[in-house]
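Remarks on the structure that follows.
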Amino acid sequence: MAGERETQTKGGARARGRTLIDKIWDAHEITRLPSGQSLLFVDRHFIHDGTSQAFEKLDIEGHGVRSPERTIGTADHYVPTRGGLAALGDPARADMVLRLERDADRFGITRFGYGDARQGIVHVVGPELGLTLPGFVLVCGDSHTSTHGALGAFAFGVGASEVAHVLATQTLWQARPGSMRIMLSGRLGAGVTAKDLILHIIARIGAGGATGHVIEYAGPAIEALSMEGRLTVCNMSIEAGARAGLIAPDETTFRYLEGRPYAPTDALWERALESWRGLRSDEEAVFDREVAVDAAAVAPTVTWGTSPEEAVPVTAAVPDPTGEPDAERRRRMQQALAYMDLQPGTPMARIQVDRVFIGSCTNGRIEDLRAAAGLLRGRRTLVPTMVVPGSRSVKDAAEAEGLDRVFIAAGAEWREPGCSMCVAMNGVDLVAPGERCASTSNRNFPGRQGRGARTHLMSPAMAAAAAVTGHIADARGLAPAAGDGV
Amino acid sequence: MEPVTRLSGLALAFPFGNVDTDQIVPARFLYRRRREGFADTLFHDLRADPAGEPLADFPLNRPEAEAATILVALDNFGCGSSREHAVWALVDAGFRCVIAVSFGDIFRNNAIENGLLPVALPAEAVGRILELLQGAPGQSLHVDLPEQYVRLPDGSRFAFEIDPAAKENLLLGRGRIAATLTLSCEIDRFEQAYRKQVPWSQ
């Protein structure tokens, strides 16, 4: 691709300069085995309503929770987005929400249960409360924990056994990951967002392109992004297989954090700032891999297939497998097209959608809702459209700005916060079999949004454009409609 | 958790790449308790049509699948969601080992925690094994963890790499919590010093 290059460099040059991940790693290493695995201290551990099996393991093995004060719980995966817990119509799922509360309470862990003013998607709540801080090692039993790397924390998802290990010991055994820097030159064009950028990057390096590596995003295009945009980029690092995504903290980070409820204050804030300013890769640090991307060349990007790597500019057409020389890749494309019920050569902007989902830990923050509302203001949705704020505090902020009235006036549903239709776990927020959904979430895997559901990933503005046109559309082509007073 | 040492077992060709954990266990089954088991959820939506009719051409519906203990897949196996249920479903269905070109990082860690041996082999080696299994289904492979190789029925071998700590845990069949707790004094000492350096971490 024009303006993009990739170079491979040999590792082992760390002695000359340290990368950001090296610095965080070294500050948290309790001990290292001769085999190379390190025992890392964990600053912050988030749990949610899908963590019950880890508590089961603790109980079976007879362990307690070492540092309840470093552990924070919030209900997100199973919560209903309207009508209360009974609306789930399934006591087993409602009980997942309640089990978080019971497990947290018996170990003295602070938790934001269903209905709490601080409740929301764990990856939205952590940053907005200042629970996520630069330089932290932060883990959670959820793969999108990579989100928190946007604040300069080494943040990654783990499974239930490792959640139990962190609960019991406040540590985790880890092999040192490789380092990969994605240098983003230039600036995003008008109407092109952080979501388009990360979809473009994943399409370029592949769904397994960063496996075993921590990606550090750097360069002018990253520095120019808002904190919320950075959270979106780091969120989807896992969709390229990365262990974590990471952005060096800067003034944008500090402005975002200052005054947040759990952020340090006064003298401690000043001391923290001084320390955080040193959290950047040394000039002479050598990365195991370097990728260069020209942000100015990124277009609004949409997925056509069943892996986040299967994405193209909205101005392009559905790819044709017959043009793919590699037999295995050709077979995968054909399989994806069959599942998605798409014909090669169809312009992306002519694909009809059946519904729209705006929300998730990728795009459920206030800036995302503003972007969607900007397009929906004064227009009507042509297909069922659900807007789910990422947290109660995002919901409150949106309502204070009147965004809820914009959504409702456009015919969209304004819901309560939760993971909702991104993960289709609460049993009611589902895309029906065969339905095609324009979604601001992070995974277009077969069945992700419901059995037989067909997902096209895109930005909030693009999802809103799909809602008002009934098909995938280039949001840049839709001028703001005449205001109707809200 | 059963130790993993040397496995000789029937291998099942699963010639797909980017197999995500949503495919391995759909989200709607995740709320079960561990002891309830997840074998019936393994590849649930790929194995049968929505009416529950098994899809004959799906690998897990082949006659040899019932007795299979080794699954052979392509690249990026277990990518996506961190759900450990994906590993539990494979283990509960009798699998002891997955051979693939590469694995999702979280899946690989989850596998090791549950005595499921993840073996990464180069694409050419996996291609050859798949060719063999697809040509004559129902063949066995020998996977040797102590010596780190996979042996095919014709005697040819492919060596594999594995993290030494992961290997030790698999060989001993142990989870890590109890072992880490023996380091409690070291962890406490570290935290005390760390708090002085980073007092805003609490």
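The values are calculated or read from the model by the stated rules, or taken from the named source; none is laboratory data. Small disclaimer: the values here were computed from a predicted structure and weren't measured. Every residue, glycine as well, gets a Cβ built from its backbone with ideal geometry; the counts of neighbours run over all protein chains shown. These area figures cover heavy atoms from the full protein model, side chains too; ligands, DNA and RNA do not enter into them. Shrake-Rupley method; radii C 1.70, N 1.55, O 1.52, S 1.80 Å.
What to note about this one:
- Some residue of the range B:71-81 being open to solvent by less than 10 Å² (accessible area, probe 1.4 Å), over 17 Å from B:PHE16 (Cβ atoms) and within 14 Å of chain A (Cβ to nearest Cβ): no
- Filter result for B:ARG34 (within 8 Å of chain A (Cβ to nearest Cβ) and either surrounded by fewer than 16 Cβ atoms within 10 Å (Cβ to Cβ) or over 14 Å from the mean Cα position of the chain (by Cα) (or both)): yes
- Within this structure, A:GLY73 fails the test of being more than 14 Å from A:LEU138 (Cα to Cα), more than 8 Å from chain B (Cβ to nearest Cβ) and not hydrophobic (A, V, I, L, M, F, W, C).
- Whenever a residue of the range A:174-195 is open to solvent by 30 Å² or more (accessible area, probe 1.4 Å), its partners that are modelled with pLDDT under 95 and acidic (Asp, Glu), lying with C-beta atoms within less than 7 angstrom and at least six residues away or across chains, give the pairs A:ALA175/B:ASP163.
- Applying a threshold of 8 Å to beta carbon distances and a minimum spacing of six or more residues, or different chains, the list of pairs starting in the range B:3-27 at a residue that is over 19 Å from A:GLY206 (Cβ atoms) and ending at one that is surrounded by fewer than 24 Cβ atoms within 10 Å (Cβ to Cβ) and of a type in the set (Lys, Arg) reads B:VAL4/B:ARG96; B:LEU7/B:ARG96; B:GLY9/B:ARG96; B:LEU12/B:ARG62; B:PRO26/A:ARG451.
- Consider the range A:206-259 and keep the residues that are basic (Lys, Arg) and touching a residue at least 40 places away in the same chain (Cβ under 8 Å). The one that is most open to solvent (accessible area, probe 1.4 Å) is A:ARG243.
- Meets criteria (without any contact (Cβ under 8 Å) to a residue 12 or more places away in the chain and either more than 12 Å from chain A (Cβ to nearest Cβ) or under 23 Å from the mean Cα position of the chain (by Cα) (or both)) for B:TYR194: no
- Count - residues of the range A:402-421 that are under 25 Å from A:ALA75 (Cα atoms) and either open to solvent by 10 Å² or more (accessible area, probe 1.4 Å) or not in a helix (DSSP H, G or I) (or both): 9
- The set of residues in the range A:20-60 being within 29 Å of A:ILE247 (Cβ to Cβ) and out of contact with any strand residue (DSSP E or B) (no Cβ under 9 Å at 6 or more places or on another chain) consists of A:LYS23, A:ASP26, A:GLY50.
- Odd one out for B:ARG96, checked against (1) within 9 Å of the chain's Cα centre (by Cα); (2) open to solvent by less than 30 Å² (accessible area, probe 1.4 Å); (3) not aromatic (Phe, Trp, Tyr): (2)
- Once the range B:99-129 is narrowed to residues that are assigned to a strand (DSSP E or B) and within 13 Å of another protein chain (Cβ to nearest Cβ), the residue that is surrounded by the fewest Cβ atoms within 10 Å (Cβ to Cβ) is B:ALA120.
- In summary, no strands (runs of 3 or more DSSP E) completely within the range A:137-232 bear 3 or more residues that are of a type in the set (Gly, Ala, Ser) and assigned by TED's automatic domain parsing to the domain that holds A:HIS63.
- For the range A:352-380, a tally of residues being buried (at least 22 other Cβ atoms within 10 Å of the Cβ) and under 19 Å from A:LEU430 (Cα atoms) returns 10.
- Residue within the range B:48-56 that is facing chain A (nearest Cβ under 9 Å) and surrounded by fewer than 21 Cβ atoms within 10 Å (Cβ to Cβ) present: yes
- Candidate set: the range A:281-306, residues that are among the β-branched types (Val, Ile, Thr) and within 30 Å of A:PRO344 (Cβ to Cβ); chosen: the one most open to solvent (accessible area, probe 1.4 Å): A:THR306
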